[in-house]
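Some notes on the structure that comes next.
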Amino acid sequence: MSGNSMKHSISVILPNYNGRHLLEQNIPSLLEALNGLEHEIIVIDDCSPDDSVQFLEQTYPEINVIKSDVNSGFSVTCNKGVQAARNDLLCVVNTDVTFTPDYFTTLLSEFEDPDVFAVKGDIINYDTTIEQPINTDRTTLIYYRRGFLRFDTKLPLTSRAVISGDDAQIVFLGCCFVCNRIMMLQLNGFDEIYSPFYWEDADLAQRALNSGFKLIYLPEARVYHKAS
């Protein structure tokens, strides 16, 4: 990481629904990864019937909790966090993600390029424990055959790559990408037609590429994701 990267500030957006146990498990790793960086954490609670909000208010009073009166789904909930955020970078992350300590410091310098919209790292999926991973979610090529879009699992990206609008790739930004807040607002956040969820991150990536923004795939930035 270059010294100039420290100028960046990060707003972490956590959409939550009934995730008290996941928040309890994963917020410590998030705080460790943010240590030393200017940041804010925003949890948007999507009308959870569990005690998520009470847990956060009692345990992490420094976290900004936004409570929804009705359950609206993933895209709507994330967009509330995007609108509330104040820092120059956003990290939209699911509550079932465990961060590695150097996640943010590894990728911050990529935003010294003003055309970069988002950075996506490797998402290591696991079932029971992070010591027993199932697979790694990377960025992959896509092709069309017999009426379906298909993923070419033989040619995944395995090293840093800059993805622009000319590249024949689909990008799933996934459950923990970091992006430029101003560009996110220019794209109007997630398209709320993708509700309750699914494909909203690929749609966002495609709209970013169509707008001339760049995406970075950086496998050195890693998180662990509990598969479900």
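The values are calculated or read from the model by the stated rules, or taken from the named source; none is laboratory data. Everything numeric here is computed off the predicted structure, so don't read it as measured data. Every residue, glycine among them, receives a Cβ derived from its backbone with ideal geometry; neighbour counts consider all protein chains shown. Ligands, DNA and RNA are stripped out before the accessible areas are found, and what is left, the full protein with its side chains, is counted by its heavy atoms. Shrake-Rupley method; radii C 1.70, N 1.55, O 1.52, S 1.80 Å.
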Q: Would you check if Phe111 is aromatic (Phe, Trp, Tyr) and modelled with pLDDT of 90 or more?
A: yes
Q: Give the residues of region 105-122 that are open to solvent by less than 20 Å² (accessible area, probe 1.4 Å), outside any helix (DSSP H, G or I) and within 22 Å of Gly189 (Cα to Cα), sorted by residue number.
A: Val116, Phe117, Ala118, Val119, Lys120, Gly121
Q) Looking only at residues in region 5-47 that are in a helix (DSSP H, G or I) and of a type in the set (Gly, Ala, Ser), which one is farthest from Val178 (Cα to Cα)? A) Ser29
(Q) Of everything in region 180-205, what is buried (at least 16 other Cβ atoms within 10 Å of the Cβ) and polar (S, T, N, Q)? Give them in sequence order. (A) Asn180
Q) Of all the residues that make up region 80-94, how many are in contact (Cβ under 8 Å) with a residue 40 or more places away in the chain, under 19 Å from Ser48 (Cα atoms) and open to solvent by 20 Å² or more (accessible area, probe 1.4 Å)? A) 1
Q.
Step by step: first the residues of region 54-69, then only those that are open to solvent by less than 40 Å² (accessible area, probe 1.4 Å) and assigned to a loop (DSSP other than H, G, I, E, B), then the one that is modelled with the lowest pLDDT. Which residue is that?
A. Ser68
Q) Any idea which residue in region 5-47 is nearest to Asp113 (Cα to Cα), counting only those that are surrounded by fewer than 17 Cβ atoms within 10 Å (Cβ to Cβ) and of a type in the set (Gly, Ala, Ser)? A) Ser9
Q | Of the criteria (1) without any contact (Cβ under 8 Å) to a residue 12 or more places away in the chain; (2) more than 16 Å from the chain's Cα centre (by Cα), which one Leu31 fails | A | (2)
Q) Say we look at region 84-104 and pick out the residues that are within 15 Å of the chain's Cα centre (by Cα) and assigned to a helix (DSSP H, G or I); which of these is farthest from Arg222 (Cα to Cα)? A) Phe104
Q.
Show the residue pairs meeting these rules: Cβ distance below 8 Å; 6+ apart or different chains; first residue within region 171-185 and basic (Lys, Arg); second residue assigned to a loop (DSSP other than H, G, I, E, B) and at pLDDT 95 or above.
A. Arg181/Ala85; Arg181/Asn87; Arg181/Asp88
**Q.** Qualifying residue in region 212-220 (condition: part of a helix (DSSP H, G or I), open to solvent by 30 Å² or more (accessible area, probe 1.4 Å) and at pLDDT 90 or above)
**A.** no
**Q.** Test set (1) modelled with pLDDT under 90; (2) at positive phi; (3) not aliphatic (A, V, I, L, M) - Asp203 fails condition number
**A.** (2)
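Yes/no per residue for (1) touching a Phe, Trp or Tyr at 6+ places or on another chain (Cβ under 9 Å); (2) closer than 18 Å to Glu24 by Cβ; (3) of a type outside the set (A, V, I, L, M):
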position	(1), (2), (3)
His39	yes, no, yes
Asp45	yes, yes, yes
Ser48	yes, yes, yes
Ile66	no, no, no
Asn71	yes, no, yes
Ser75	yes, no, yes
Cys78	yes, no, yes
Ala85	no, no, no
Q: Any chance you could count how many residues in region 36-74 are under 24 Å from Tyr103 (Cβ atoms) and either in contact with a Pro (Cβ under 8 Å, 6 or more places away or on another chain) or among the β-branched types (Val, Ile, Thr) (or both)?
A: 9
